[in-house]
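Peer 1: First the structure, which I've put down as structure tokens, then a few questions once you've had a look.
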Amino acid sequence: MDWNPAMLIEEVRRIVDGPGADTARLQRVCDLLAERVPHYDWVGFYFVNPDNERELVLGPYTGATTEHTRIPFGRGVCGRAAEERQTVIVGDVTREENYLACSAATKAEIVAPIFHSGVMVGQIDIDSHTTDPFTPRDRELLDTLRHLVAPLLHP
Ligand code: SME
């Protein structure tokens with residue numbers, strides 16, 4: 001099944017502009033991406049902890065339960081994206097030393113930080129069961145998406 005980034009962005013826009021609590025809308029975004037993009041097997045948001053600005057706290061997600069509900073900046077792929085304040089793509093997690101295993105099935109991961117009014121408020125994290133699945137199309141999708149959802153993340 002092919003996926004269309006432009007169509008997904010339109011659907012995300014409708015969810016963001018639609019009704020519901022912020023976390024409920026973020027949950028719908030996770031569900032949408034996990035359902036439509038064949039190589040997205042876990043999709044979730046982490047928030048920057050307002051009480052500890054060097055820690056990420058798990059928000060809405062779709063996929064297997066994870067023990068990584070709190071991640072310090074610098075740890076794992078998520079912590080690295082937070083520390084570097086930029087998108088991190090790991091095509092093969094078995095070759096990554098700074099990695100926090102969420103599920104044994106995960107082979108690759110992409111994490112994009114989310115900024116609201118210049119402040120980093122969280123990130124979107126996507127795991128794949130396929131090795132090296134991410135292309136510039138994924139990066140572009142997340143680049144647009146993170147701007148759209150930013151108002152729904154609370155610092
Ligand atoms: N693998 C992540 C941890 C979060 S889970 O993938 C949901 C990491 O290395 O930071």
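Peer 1: Given a 1.4 angstrom probe, I'd like the percentage of the accessible area of segment 51-155 that is carbon and sulfur, rounded to a whole number.
Peer 2: 46
Peer 1: How big is the chain in terms of Cα radius of gyration and Dmax, in angstroms?
Peer 2: Gyration radius and largest Cα-Cα distance of the chain: 14.2, 42 Å.
Peer 1: Can I ask one more? On average, how much accessible surface per residue is there in segment 17-155, in Å², for a 1.4 Å probe, leaving out ligands, DNA and RNA?
Peer 2: 46
Peer 1: Between segment 61-79 and segment 24-53, what is the C-alpha centre distance in whole Å?
Peer 2: Centre-to-centre (Cα) distance: 12 Å.
Peer 1: On to the next question. For the chain, set up a Gaussian network in which alpha carbons nearer than 10 Å are linked by springs, and say which option among GLY79, GLY63, GLY122 fluctuates the most.
Peer 2: Maximum fluctuation in the GNM of the chain, among the listed residues, is at GLY63.
Peer 1: To continue, here is another question. Add +1 for every Lys or Arg and -1 for every Asp or Glu among the other residues with Cβ under 14 Å from the Cβ of GLU109, and state the total.
Peer 2: Neighbour charge sum, excluding GLU109 itself: -3.
Peer 1: May I ask you to order 68-74, 144-150 by the average number of other C-beta atoms within 10 Å around their residues, highest value first?
Peer 2: 144-150, 68-74
Peer 1: Based on the mean of other beta carbon atoms within 10 Å per residue, what is the order of 50-58, 107-115, 85-93, 125-133, most packed first?
Peer 2: With the highest mean Cβ count within 10 Å placed first, the list reads 107-115, 125-133, 85-93, 50-58.
Peer 1: Considering the chain as a Gaussian network with a 10 Å cut-off on Cα pairs, which listed residue, ARG28, ARG80, ARG137, attains the greatest mean-square fluctuation?
Peer 2: ARG137
Peer 1: At 7 Å along the Cα-to-beta-carbon direction for both GLU35 and ARG139, put a label point, then send me their distance in nm to one decimal.
Peer 2: About 3.0 nm, to one decimal.
Peer 1: Using only C-alpha positions, report the orientation-averaged shadow area of the convex hull of segment 1-52, nm², one decimal.
Peer 2: With the hull built on Cα positions only, its mean projection is 4.5 nm².
Peer 1: Here's another thing I want to ask about it. What is the extension gain from LEU148 to ALA64, computed as 0.36 nm multiplied by their sequence separation minus the C-alpha to C-alpha distance, in nm to one decimal?
Peer 2: Full extension from LEU148 to ALA64 adds 27.7 nm.
The values are calculated or read from the model by the stated rules, or taken from the named source; none is laboratory data. Quick caveat, the model's predicted, so the values are computed rather than measured. Ideal geometry is used to build each Cβ from the backbone, glycine not excepted, and the neighbour counts take in all protein chains shown. Remember, those area values only see protein heavy atoms, side chains included, never the ligands or the DNA or RNA. Shrake-Rupley method; radii C 1.70, N 1.55, O 1.52, S 1.80 Å.
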